[in-house]
1. Could you please tell me which pairs satisfy a Cβ distance under 8 Å, a separation of 6+ or placement on different chains, a first residue in the stretch 1-19 that is at negative phi, and a second residue that is outside any loop (DSSP other than H, G, I, E, B) and aromatic (Phe, Trp, Tyr)?
2. Taking the stretch 4-16 as the region of interest, how many residues are surrounded by 10 or more Cβ atoms within 10 Å (Cβ to Cβ) and basic (Lys, Arg)?
3. In the stretch 28-63, how many are in contact with a Gly (Cβ under 7 Å, 6 or more places away or on another chain) and modelled with pLDDT of 90 or more?
4. Are any residues in the stretch 17-58 farther than 21 Å from ILE6 by Cβ and surrounded by fewer than 11 Cβ atoms within 10 Å (Cβ to Cβ), and if so, which ones?
Amino acid sequence: MLFREISLDICRIWQPSEYAILIRWNLKGVPRVPWEAKGQFQGTSRYKLDRNGKIYEHKVDNLAFNFPLPLKPAASVLDLVAACPASPNPTFLWGPLDTYSSSWLEFYRVVRKTLDQERYQLLVQDNMVTCS
């Protein structure tokens, strides 16, 4: 009665526990108002069930009004490259161990230094270091 045109899309239904059902939905419609603005609503319905499996409570969560529309797909790979600006920080670097360090490199360096200080002989086989 409140909408002139209405559609409901069920996006997902799941049951996180024995006594609850969740439904993710998307509602589109044109309300019966003079300006007839089209509206979209997205939300989650949470149903609580009793021992017999009958619904005794319904709550609507995460309600979003006129949420942003999804982006249209890229026509080519060049569109994707242009849409993603270059990162100010490189994701990987090749250089001296001291200049660019991570927790694993730091760990390796400390172990290697400890082994060298204790004068263990290092044997390298298949890129693995063994102590003897």
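The values are calculated or read from the model by the stated rules, or taken from the named source; none is laboratory data. These figures come from a predicted structure and were not determined experimentally. Ideal geometry is used to build each Cβ from the backbone, glycine not excepted, and the neighbour counts take in all protein chains shown.
1. LEU8/TRP25; ASP9/TRP25; ILE10/TRP25; CYS11/TRP25
2. Of the residues in the stretch 4-16, 1 are surrounded by 10 or more Cβ atoms within 10 Å (Cβ to Cβ) and basic (Lys, Arg).
3. Going residue by residue through the stretch 28-63, those that are in contact with a Gly (Cβ under 7 Å, 6 or more places away or on another chain) are 29, 31, 39, 60-63.
With modelled with pLDDT of 90 or more added as a condition, the list becomes none.
Of the residues in that region, 0 qualify.
4. Within the stretch 17-58, SER17, GLU18, ASP50, ARG51, ASN52, GLY53, LYS54, ILE55, TYR56, GLU57 qualify.
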